[in-house]
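Everything on this sheet refers to the single structure shown next.
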Amino acid sequence: MPEWWENEFLQVKNNKLYLEGIPAEEIARQEGTPLYVYSLPQIKRKYQELVEALSPLKPLTYHIHYALKANANQPLLETLLSCGVGIDAVSPGEVKKALEVGFPAEKIFFTGTSLSSEDLRFALSIPGLYLILDAVELLPQLKALTREISSDLPLKLGFRWNPGIGQGFNAKVITAGASSTEGIPIKFGIDPHRLEEAWKQAISLGFQPSGLHQHLGSGWTGSDFPVISQAVERLVRTAQRLEEKWGPLEFLDFGGGFAPRYQADQSLFPLRDYALTIKNKIQQSGLKSKLLIFEPGKFLVAEAGLLLVKVEYIKSSFGHLFACVNAGTFNSLPRPAIYPEARHKVVNASCVHSSQPVTLTIAGNLCETGDVFAWGVKLPLPQPGDILAILHAGAYGESMASTFNLRSRPRAFYLT
Ligand code: PLP
């Protein structure tokens, strides 16, 4: 019986982990550890899986805009470009990176928050770029800048609103609603009560808003579907009201948020039902805007990457058994250290199964108690020198990593 996480990229043969047909230990020996290993074919497979899952949207037109913050590595971006996706970028740096790789500006949405006048000036300097504002308060400044630059480019302007409900796997990544489940006031988007004001003001300043954007949060699983459907309903109804007053919109952006499977017991967000719900609501509403945008990050790249680390030694203390490894979470894969719910599957690549697994904490090499990749995991007892694979590390790993403790970030290796 294959393991739940086995697929064309990750396979077990002779009790060893293979990556696209190559032993993980061999890659670790040749390239060194810690090491990110990315499979470019796996990104294409995930893209195909997404396209297939969204097929109930037909005959509506939709574009997939990859959320570049999930992983900004050049080969991954080139692979996604070859699939035909666009980009969701949240900073001038991300927009520049996307342009460098070859994404056309017309397929880049700049959806940053707390934007500075430099950020706005930058956005105005890129012909074709879509600027999605999340504050009405920025409009006068935007107008002043267009005058200053004497830009006569037709600005492609959209608004990100906050539909009043959000959903995510951790309070810190719930991005809509009044406040998160931990009580953090949510900074994103425009309050629904101020959306008409945003449209009116934009038009009075000579802009023509072209669409409405929302992003509710990250890491949706099966149980999140009812809340997400409700938010879809709100977006469609609101867009319809805007169209009635100010004419057809060009696009409706539903954001990202769908989680890949990180653990065996985690349900998957029902993408086909989501697509069907969106189609039905749009068809029933008579909405004219027929271009739909989705902005997945995790879904496309999380399962295409993993982190290989080496076990330095096994330590026992207060009844706990630690596998002490040559990498730190903050420097390579901060998710488990930041979000308690972020559980990554760990595989002993040197010995995948044994009849007598032990319970381990996978301890990193940084001076912080939270620096553990996983705890309470059952694995064959690793030997010093064994290679552990921390799976599904392709999203928000390398892109969030720091040089905390002045330890460097891992290198990356690409399977093509
Ligand atoms: N769109 C926006 C505006 C985001 O902020 C994010 C993530 O933070 C995403 C899309 C992608 O989310 P995910 O990786 O969960 O799909």
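The values are calculated or read from the model by the stated rules, or taken from the named source; none is laboratory data. Since the structure is predicted, the reported quantities are computational estimates derived from the model, not experimental observations. We place every Cβ from the backbone using ideal geometry, glycine too, and count neighbours over all the protein chains shown. We work out accessible area using only protein heavy atoms, side chains counted, and drop any ligands, DNA or RNA first. Shrake-Rupley method; radii C 1.70, N 1.55, O 1.52, S 1.80 Å.
Listed values, structure above:
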item	result
Spin-label pair K58/N405, simplified geometry with 7 Å Cα→Cβ offset, distance in nm	5.2 nm
Other-chain or far-sequence residues with amide H under 5 Å of W220's (modelled H)	F258, A259
Largest-first principal axis extents of the Cα set of the stretch 106-236 (Å)	49, 27, 25
Pairwise label distance in nanometres, E26 with W375, each label 7 Å out on the Cα-Cβ vector	3.8 nm
Förster radius 56 Å - calculated FRET efficiency between N15 and E106, Cβ distance, rounded to 0.05	0.65
The stretch 330-372 - convex hull of the alpha-carbon atoms, volume per residue in Å³	97 Å³
Descending principal axes extents, the stretch 294-388, alpha-carbon based, whole Å	46, 30, 21
Calculated diffusion of the stretch 1-68, Stokes-Einstein form, Kirkwood radius summed over Cα pairs, 25 °C and 0.890 mPa s, µm²/s	168 µm²/s
Efficiency of FRET between I203 and E49 - r from beta-carbon atoms, R0 45 angstrom, step 0.05	0.65
R407 long-range amide H proximity, modeled H, under 5 Å	none
Heavy-atom accessible surface of the chain: percent carbon and sulfur, 1.4 Å	52 percent
Per-residue HN-Hα couplings for the stretch 125-139 [Karplus 6.51, -1.76, 1.60; θ = phi - 60°; Hz; x = Gly/Pro]	8, 10, x, x, 5, 8, 9, 9, 8, 10, 8, 4, 4, 7, 4
The chain: calculated mean residue ellipticity at 222 nm from DSSP helix runs of at least 4, using -39500 (n - 2.57)	-8500 deg cm²/dmol
For the chain, convex hull volume per residue from C-alpha positions, Å³	143 Å³
Degrees between helix 74-83 axis and first principal axis of the chain (Cα, 0 to 90, nearest 10)	60 degrees
Per-residue HN-Hα couplings for the stretch 40-52 [Karplus 6.51, -1.76, 1.60; θ = phi - 60°; Hz; x = Gly/Pro]	6, x, 5, 5, 5, 5, 5, 4, 4, 4, 5, 4, 4
Protection proxy ranking of 39-49, 258-268 - average other beta-carbon atoms within 10 Å, highest first	39-49, 258-268
Accessible solvent surface per residue of the stretch 277-351, calculated while the other protein chains remain in place, 1.4 angstrom probe, Å²	34 Å²
Tail fraction, Cα-Cα pairs, the stretch 242-287, threshold 15 Å, whole percent	61 percent
